[in-house]
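Here is the structure we will look at.
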Amino acid sequence: MPAFSQRVIVAAATILLAVVAAAAVEPYPTRTVRLLCWTSAGSPLDVMMRQLGKQLGELYGQNFVVDNRPGGSGVVAMAAVINQPADGYNILSTTSSMSFTMANGRIPYEPANFTVLPAIEAEPSAVAVRADSRFKTLKQVMDHLRDKPNELSVGGFSSAGFHQFVFYRLQQVGHFKSVWVPYKGGQEAGLALLGGHIDVAVMTPSSATAQIRNGDIRLLGISSEQRTEYFPDVPTFKEQGYDVVEAIWRGIMVKAETPRPIVDALVTAVDKVKQTQEWKDLAHLNMQSPVNISLDAMQRRVADEVNTYREFLKSSGLLN
């Protein structure tokens, strides 16, 4: 083939590829975006998603509509996203608990099925009691559970496997046995604690902010590395001799194979939202701390979490 003809063919192919690429990265979004939330309306995760949808809508000039799909510890919502095109128009809420759900081996999804955007916010898990409880320290609870396990009931959000993970970790380091009483939500666990149906709750503080602030619920310890600005007087588990350090993060994810330009656009938009005073005020109200992590590091973190939870479940006899 003559050199001139080859150059013409190469030039034509280059132009064609440029046209295809331009079409593939058309402006995003151009229509309504669904934000699927795997918890019920009014939950802390739902509150985050609604605020995020409101501000992304204002930023993009498009509708971001929250669609609550509770059920199966996130499986219902995950399936709804997996069954849609990988185009960024179906965005799923996610947390550390969803990593736990993937780890338990009872669902068909793995981290590789999704692209997880950098975590937006985080908070520790906490061991909580009623204000009038006879227990004043975490050690008193742990000692009682070790010596008289049948006299106390411990409960929490059953769908949020993260809290069960924290509880089992405390069992290991505290050398006690106890039965976990499951509830459908963190708010229900808090109400059960206030009603005297359980003696101790393992929960996220954001699920009972009002009760904590007015003194009806007292925190005996939190699972963070250090004390937080929201609980300066509450010691960490580690400070009290129990080496359990975990944080439950919240964020969003999209179906794997979503074009990188769309993912990058969402990352940039969420970062802009996080910098607004409106977002910071809501985060402060709900006792949330910001998270700084890259997109690639977030993928590794989720994969590592799933592996860690899976190994823990196996070693505890909870997973074959």
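The values are calculated or read from the model by the stated rules, or taken from the named source; none is laboratory data. Here the structure is a predicted model, which means the values were calculated and not measured. Note that we place each Cβ from the backbone using ideal geometry, even for glycine, and neighbour counts take in every protein chain shown.
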Practice problem: State the number of residues belonging to segment 155-189 that are aromatic (Phe, Trp, Tyr), surrounded by fewer than 21 Cβ atoms within 10 Å (Cβ to Cβ) and not in a helix (DSSP H, G or I). | Solution: 2
Self-check item: Of the criteria (1) modelled with pLDDT under 95; (2) more than 22 Å from Ser207 (Cα to Cα); (3) under 14 Å from the mean Cα position of the chain (by Cα), which one Met298 fails
Solution: (1)
Practice problem: Would you mind listing the helices (runs of 4 or more DSSP H) fully within segment 55-148 where at least 2 residues are β-branched (Val, Ile, Thr) and at pLDDT below 95? | Solution: 75-82
Self-check item: Pair list, Cβ < 7 Å and 6+ apart or interchain, from segment 50-72 residues that are in the same structural domain as Glu278 (by TED's automatic domain parsing) to residues that are among the hydroxyl-bearing types (Ser, Thr, Tyr)
Solution: Gln55/Thr276; Gln62/Thr32; Asn63/Thr32; Val65/Thr32; Asn68/Ser40; Pro70/Thr39; Pro70/Ser40
Self-check item: Residue selected from segment 90-128 under the condition within 15 Å of the chain's Cα centre (by Cα) and of a type in the set (Asp, Glu), by the criterion farthest from Asp243 (Cα to Cα)
Solution: Glu121
Practice problem: Restricting attention to segment 41-80, report how many residues are over 14 Å from the mean Cα position of the chain (by Cα) and among the small types (Gly, Ala, Ser). | Solution: 9
